[in-house]
Amino acid sequence: MTVDTVNFSKLDEEALPFSIAQVDHGLVNSRFHMADPEVGAYVPDQQNTVFRNVFAVDETEDGNVSISEDQIVRHAGSALVIGGHRNHWHFLINFMPRLMQIEIFAKDLLESVDTIVIHGEISGFQEVILKELFPEEKLLKLSKNEKTWHQFDTLYFPSMVFNTHYHLEALQKTRDFILSLLPPADMSTDSKGIFVDRKFPTPRRRLANGRVVLPILEKRNIQRVFSEDYTAQEQIMLFHKAPVVVGLHGAGFANLLFCKPGASVVIIDYKWPSEMYGLAYVLGLNPIQLLARQVADAKYEAKNPGFQPRLRDFAPNHKQVDAALCTAWMLREKYTATDG
């Protein structure tokens, strides 16, 4: 099987292999790594290096791995390992599309397995979706702090599409399914755009130079909103009705999945290639990316040595923000005139 994807680091189409491995007496852990004790194989199934680290295994002389008996919990029947993280982005852009790919290519398998292995830290929004997909008794939720391995008579392990690639059909199926669960709402488009901001005090990708940027946003008809003030369902509708979306790199941009065609997106980011830009591009939106200077909080970082520099606040150039907003509205108006 192959999957037609878009590689957002190159912004071109690429066909990738997609497969589902069957492992008799296979094991899985809370990081959704897979182990085959009969051959000593170990597959991390994670592209984030933090979660790829091998744990709770012993290496044998021949380079294979072994797992002690007291670390194994055994289950009867078959299980499908999807994996994922509680983070809003990973659930909507990695977990759900991966599930939809399995439905596209192996629906009979999805319906026949006894257990679906997923992440344990489930938000209320995710619970609503999962209840529509699976009976509660079919789910095995693994906590990220759990150190045990779970063994099944048969383990099915689907491949993961690279995190620089997007599978449009799976994204569209995710979008359509989730929108079908929401109550009927006003589907009109708002006259104002939105700027998705974060609240103080914790330094974590906030707008550092709001004194000069916020007046520009207001002048350009952009309303400031805080994700923390809205439920996941309300966030979806904010994005769905917005003609222009502006925001800082973060999980909230997963809601671009629900924007209407022709919406413009201004992404304030710290790196290229940007997965947020890639998502907007694949969905047929009008993405504009600004690379911003990051601002360190020396006192906070001194007290929190584990703080990652990639999470620092953003200080975009205010003139670039103004120009990007002008372009965003022009692109939106052009779409409305020709296709709307």
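Brief remarks on what is shown
- The residue list P135, T115, H150 was ranked by how far each Cα lies along the charge dipole of the range 112-151 toward its positive end, using unit charges on Cβ atoms, and H150 comes out on top.
- Counting only alpha carbon atoms, the long axis of helix 318-338 and the longest principal axis of the chain meet at about 90°.
- Helix 168-181 and the long axis of the chain differ in direction by around 80°, with both axes built from C-alpha atoms.
- Gained length - V212 relative to D153, 0.36 nm times residue gap less alpha-carbon distance: 15.2 nm
- Carbon/sulfur fraction of accessible area - the chain, other protein chains in place, 1.4 Å, %: 50
- Rounded tilt (10° steps) of 96-112 against the dominant C-alpha axis of the chain: 30
- A crude spin-label estimate for the pair A296 and T202, with each label 7 Å from Cα along the Cβ direction, gives 2.2 nm.
- Our estimate of slack between E333 and E136, defined as 0.36 nm per intervening residue step minus the Cα-Cα distance, is 66.3 nm.
- Exposure rule at most 12 other beta-carbon atoms within 10 Å, DSSP loop GluC sites (Glu not before Pro): the chain longest free segment: 62-340
- Using only side-chain charges placed at the Cβ, +1 for Lys and Arg and -1 for Asp and Glu, the dipole size of the chain relative to its Cα centre rounds to 2200 debye.
- Estimated at 0.36 nm per residue, the fully extended path between H25 and I72 surpasses their Cα-Cα distance by 15.8 nm.
- In sequence order, the range 16-29 has phi-based couplings of 10, x, 10, 9, 10, 7, 10, 10, 6, 6, x, 10, 9, 10 Hz under the Karplus curve 6.51 cos²θ - 1.76 cosθ + 1.60, θ = phi - 60°, and Gly or Pro positions carry x.
- For K10 and E169, the FRET efficiency from 1/(1 + (r/R0)^6), where r spans their Cβ atoms and R0 equals 22 Å, is about 0.65.
- Efficiency of FRET from Cβ geometry, E38 and E103, R₀ 35 Å, rounded to 0.05: 0.75
- Computed from phi, the 3J(HN,Hα) profile of the range 216-226 under the Karplus parametrisation 6.51, -1.76, 1.60 (θ = phi - 60°) reads 5, 4, 5, 4, 8, 6, 10, 8, 7, 10, 10 Hz, with x in place of Gly and Pro.
- Expected 222 nm ellipticity per residue - DSSP helices of 4 or more, -39500 (n - 2.57), all of the chain, to 500: -9000 deg cm²/dmol
- Eligible lysines near K319 by straight Cα distance, threshold 29 Å, same-chain separation 8 or greater: K10, K192, K199, K219, K241, K260, K271, K334
- Under 5 Å, built H, 5+ apart or other chain: amide partners of R224: F195
- Heavy-atom accessible area per residue - the chain, 1.4 Å, Å²: 48
The values are calculated or read from the model by the stated rules, or taken from the named source; none is laboratory data. Just so it is clear, the model here is predicted, and its values are computed rather than measured. Here Cβ is always computed from backbone atoms with ideal geometry, including for glycine, and neighbour counts include all displayed protein chains. Areas reflect the complete protein model, heavy atoms only, side chains present, ligands, DNA and RNA absent. Shrake-Rupley method; radii C 1.70, N 1.55, O 1.52, S 1.80 Å.
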